[in-house]
Amino acid sequence: MALKDQGGSDSRFFTTQKKGELHELRTELHSTDRTTKVDAVKKVIASMTVGKDVSGLFTDVLNCAQTGNIELKKLVYLYLINYAKSQPELTLLAVNTFVKDANDRNPLIRALAVRTMGCIRVDRITEYLCEPLGRALRDDDPYVRKTAAVCVAKLYDIAPELVQERGFIETLHDLISDSNPSVVANGVAALSEIAETSGRDVMKISASVLQKLLAALNECTEWGQVFILDSLAKYVPGDAREAEGIIERVTPRLQHANSAVVMSAVKVILSYMDVMAAGGGANAENIRALTRKLAPPLVTLLNSEPEIQYVALRNINLIVQKRPSILENEIKVFFCKYNDPIYVKMEKLEIIIKLVSEKNIDQVLLELKEYATEVDVDFVRKSVSAIGRCAVKLERAAERCIGVLLELIQTKVNYVVQESVIVIKDIFRRYPNRYESIIATLCDNLDTLDEPQAKASMIWIIGEYAERIDNADELLETFLETFEEEDPTVQLQLLTATVKCFLKNPEETQDMVQRVLDLATEESDNPDLRDRGFIYWRLLSTDPEAAKLVVLGDKPVIEDDTFRLEPNLLNVLVGQIATLSSIYHKPPEAFVVRAKRSPTSDVMGMDDDEEDIGGEEEDYEDENDVNNGGGGGGDLLDMGGLSVNDNTPSSADDGGMSDLFGGGGGAAAAPEARMSKVCTPEKSGGIELWAGFRQVGGAVKLELDIRNISSNVPVSNLAIQLNKNAFGFSPGSQQVICNPPIPMGGSGKQTVELVNNPNMLVQVPAGQPASPQIQVAVKNMATGLVFYFAANFAFEALFSSDGALERTAFIESWKSIDDQKELFSTVSDLPPSSTDIDQVAAKFQGYNIFLIARRPVPNAVGQEVAYFSMKTTTGMIFMAELTFKQGVNAAKVCLKTENIAYGVQAKIALENLLRSP
């Protein structure tokens, strides 16, 4: 009320102040009148908000924290959070206030103190946070507990080792059993954040935890429900019955008013439907019932604001690729409204194409034809393209689609005609020798074509069907008049079409083909055009019949690309529904760069100014300098001054390669596999599984550590099967015999040899990194229980013993690879053994990573570069440049390869080996 009495809203605090305002503010901050003091702090906050430097008032504002007024205390704490980083020493003066407030009788003040300390990223403040935080996690008031839970995640980001030492993660697990659902939700949120940051499964959802999460789901806030649902989506049910039980508890969330809750519930249900489907045909009816339940909430989302519609449509785009049956009868809701924003219309078109079928093609064509008369050119083009894609997708409807396209061509609208020609070319490629009767209509519209893609499409049609077009040579001549000014795509098509025309009618087109070949080979600067011209020239001059086989040979028909996402990628994206990943249609690692760090000792909250591994004296080249020299001044590939590794085996002398790792004399022991827990007893009938990968004697092995935690039946015989993966691995034998059997409380190690099986290889989509994950199914033959786990493949297990390149071959290969195929990273906090090149080379040699050369960096004291090569058993070659700086426990990695899809995994392998002791 005091603010209102003084005339106006808080906007008055943002008005320009007079000269000497800091002095006036300081005076007001020391006022004994509470209202004056509150107003003064508000003015300070307002100045801070618009970018003015009011750090000179730090001690004056800090003195205001000694108050029982919670409004004033909030404002002071907001100021402290903003300036703590720039005034770390002065911030320490606030410690006593924080500690005192953390013991205040008012729970709001206790929570505020803990939250503020967690937000102040100053190491010395962090030291004082642990005790108040520990008390707050066990506070009687649920508001304090839920605030403290989030503070644990903030602390982990700053000092993960403190969180582990103090047992805060175990305390978070206890909070999941809290009687207050908001505390449970915040505990789940904190654990999820820590798991994502550290890369470890700290959530550990057991059967008892699962029930507590489901119980809290009905009572916590809407954002708490989102956190819980996202955690449930990562849980893998033991069987179809458990999955169905969880789905029953989650299904009511589909009716929630918050779209985020709805999408998270959809994500859980879709994930668990896969588990139900794996259970066999007995669950088919239940899956159909769930499918019917999912449609209404998804449709309801389309009645929201355009921004929410767009997010929903991007997610629905994935859902209909995963399970088209969910919305197969709802295509009308995706028809565009006149007032839809263009980005919503474009997404609706994509979904219409995915849902179109022979049942609804007629109404879809009517709708698309209507869209083609809109005023937005991009939308019209997309609509015309959609008609062509419908024709490619539905063979029986192709003729009707072509009829609509011909009607649109008759409109004589330039961009409609051009887009129609482009899609008709695709229809011809899909259905050869079926709809050529419309070529005459297309030829009548040659004059309207002025875009490269439309011209190229028309030229392709003329060349492909030259024998059916009476004046094909004359039509091509019209394009040849401007050959030198045309776009490269048009020139390439003209060259090919002219050669086709010549092979079909050599007498009348000999002069024309000679002219085109001259233009392509003698007057063009385009290397692609010249190369193709020379190939055609040599073919025609040496063996015309061979030229006919090559140029006029049957070509495979194009495929429908409506559902173009690779299945493994689609599964990843469906598991990321309601996140940015599902909007970008890319896995998180494709656009989120996370610092690679040890889960126990690395500092999670490294600031921007701390990331340069050279500190304040940084003369270490940044990643952008690698292209210009890789060593801070000289040419990367100027090997002058390189110290060549004399022990590097060559192709002429393999004496050093007589054993597995090129060690010379006796056989070196294969490095141990890095083991990680992949299956808990709750999922596998009392068995705990640890898994890792390594290479032994040239063969890749899956190492299993089997621990019988609570199963009364000894583990004696397991059957193992792998899902399709990016490495094409399958088990050499599907039987794992434990001899002797493993009793309850016992453990045993087993090895499964992996062999390359082309049928198990998943093709990596263009532009996407290969997934390291290998999904494994295990059946305990004694109990009949089937359980699943996924393990990330250790890529270094794939490197072969013949990976050492000759020095000259290394240089030539490095130069030949495009700079865009380079991958960079900085690996920090290395152990001492990984900061010395000799020790690194010795360690790498055990994994078939060979040192080729090393050299000091010109004009950079204490810096040295080492070059390594490695080759996989499947023939992929990787080359790496590692830069080290004396006295700095870090290294910069630059990796080059033609197999860029697997380059990410090779780089991660190098990083992991550098971090290993």
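What net charge do the residues around Asn505 carry, taking every other residue with its C-beta under 11 Å from that of Asn505, with Lys and Arg at +1 and Asp and Glu at -1?
Working: positive: Lys500, Lys504; negative: Glu467, Asp470, Asp473, Glu507, Glu508.
That sum, taken over residues with Cβ under 11 Å, equals -3.
Indicate the gyration tensor shape class of the stretch 432-556 (rounded, prolate or oblate), computed on the Cα atoms with a ≥ b ≥ c the square roots of the eigenvalues: a/c under 1.5 is rounded; otherwise a/b larger than b/c is prolate and the rest oblate.
On the way: a/c = 1.68, a/b = 1.17, b/c = 1.44.
Here the stretch 432-556 falls in the oblate category.
Round to a whole angstrom and tell me the spacing of the C-alpha centers of the stretch 507-527 and the stretch 341-399.
First find each Cα centre; the distance between them is then 40 Å.
Can you give me the angle between helix 361-371 and the longest principal axis of the chain, using Cα atoms only, in degrees from 0 to 90, rounded to the nearest 10?
In the chain, helix 361-371 runs at an angle near 80 degrees to the longest axis.
Please compute the Cα-Cα pair-distance distribution of the stretch 346-387 with 10 Å bins starting at 0, giving whole percents from short to long.
Values per bin, smallest distances first: 31, 59, 10.
Going by amide H atoms built from the backbone, whose H comes under 5 Å of the H on Gly803, apart from near neighbours?
Those qualifying (amide H under 5 Å, at least 5 residues apart or on another chain) are Lys871.
Note the angle between two axes, namely the Cα long axis of helix 34-49 and the longest principal axis of the Cα atoms of the chain, as a number of degrees from 0 to 90, rounded to the nearest 10.
30 degrees
Asn792's amide H: which non-local residues (gap 5+, or another chain) put their own amide H closer than 5 Å, with H modeled 1.01 Å from N in plane and none for Pro or chain starts?
Ile774
Can you pull the semi-axes for the stretch 2-247, root of five times each eigenvalue of the Cα gyration tensor, sorted largest first, whole Å? Could you put the intermediate results ahead of the total?
Details: eigenvalues 330, 73, 49 Å².
They are 41, 19, 16 Å, listed from largest to smallest.
Quick one: work out Rg over Rh on the C-alpha atoms of the stretch 83-187, Rh as Kirkwood radius.
Values: Rg = 13.1 Å, Rh = 13.6 Å.
Computed over Cα atoms, the ratio is 0.96.
When all alpha-carbon pairs of the chain are counted, what percent fall beyond 54 Å?
On the way: 128912 of 419986 pairs.
In whole percent, the long-distance tail amounts to 31.
In degrees, nearest 10, range 0 to 90: what is the angle between the Cα axis of helix 284-300 and the longest Cα principal axis of the chain?
Result, in degrees: 80.
Could you grab the relative contact order for the chain? Cα pairs under 8 Å, six or more apart, rounded to a whole percent. Kindly include the intermediate steps, with their values, before the conclusion.
Working: 1385 pairs, mean separation 59.3, N = 917.
RCO, the chain: 6 percent.
Express in whole angstrom the spacing between the alpha-carbon centres of the stretch 837-879 and the stretch 99-175.
Taking the Cα centre of the stretch 99-175 as reference, the centre of the stretch 837-879 is 45 Å away.
From the Cα gyration tensor of the stretch 338-441, with a ≥ b ≥ c the square roots of its eigenvalues, which class applies: rounded if a/c is under 1.5, or else prolate if a/b is larger than b/c, or else oblate? The partial results should precede the final answer.
Working: a/c = 2.01, a/b = 1.28, b/c = 1.56.
Taking the square roots of the gyration eigenvalues as a ≥ b ≥ c, the stretch 338-441 is oblate.
Could you order the peptides 463-469, 259-265 from most to least packed, using the average number of other C-beta atoms within 10 Å per residue?
Details: 463-469: 19.1, 259-265: 23.4.
The peptides rank, most packed first, as 259-265, 463-469.
Can you tally the lysine pairs in the stretch 36-173 where the Cα-Cα distance is under 24 Å and the two residues are eight or more apart, or on different chains?
Counting lysine pairs in the stretch 36-173 gives 29.
Just add up the charged neighbours of Ser771: K/R +1, D/E -1, any other residue whose Cβ is under 10 Å from the Cβ of Ser771. Kindly include the intermediate steps, with their values, before the conclusion.
Numbers: positive: none; negative: Glu566, Glu589.
Net of charged neighbours comes to -2.
Shape verdict for the stretch 676-793, please, from the Cα gyration tensor: rounded (a/c under 1.5), prolate (a/b greater than b/c) or oblate. Kindly include the intermediate steps, with their values, before the conclusion.
Numbers: a/c = 2.19, a/b = 1.84, b/c = 1.19.
Since a/c reaches 1.5 and a/b is larger than b/c, the shape of the stretch 676-793 is classed as prolate.
Can you work out the Karplus-derived ³J(HN,Hα) for every residue in the stretch 716-726? Use 6.51 cos²θ - 1.76 cosθ + 1.60 with θ = phi - 60°, whole Hz, and x for glycine or proline.
Karplus values, whole Hz, x for Gly and Pro: 10, 8, 10, 10, 10, 9, 9, 7, 4, 8, 6.
Roughly how many whole Å is it from the C-alpha centroid of the stretch 402-473 to that of the stretch 214-259?
53 Å
Since every read-out is calculated from the coordinates, none of them should be taken as a lab result. Just so you know, these numbers come straight off a predicted model, no measurement behind them. Heads up, the Cβs are rebuilt from the backbone with ideal geometry, glycines too, and the neighbour counts pull from every protein chain shown.
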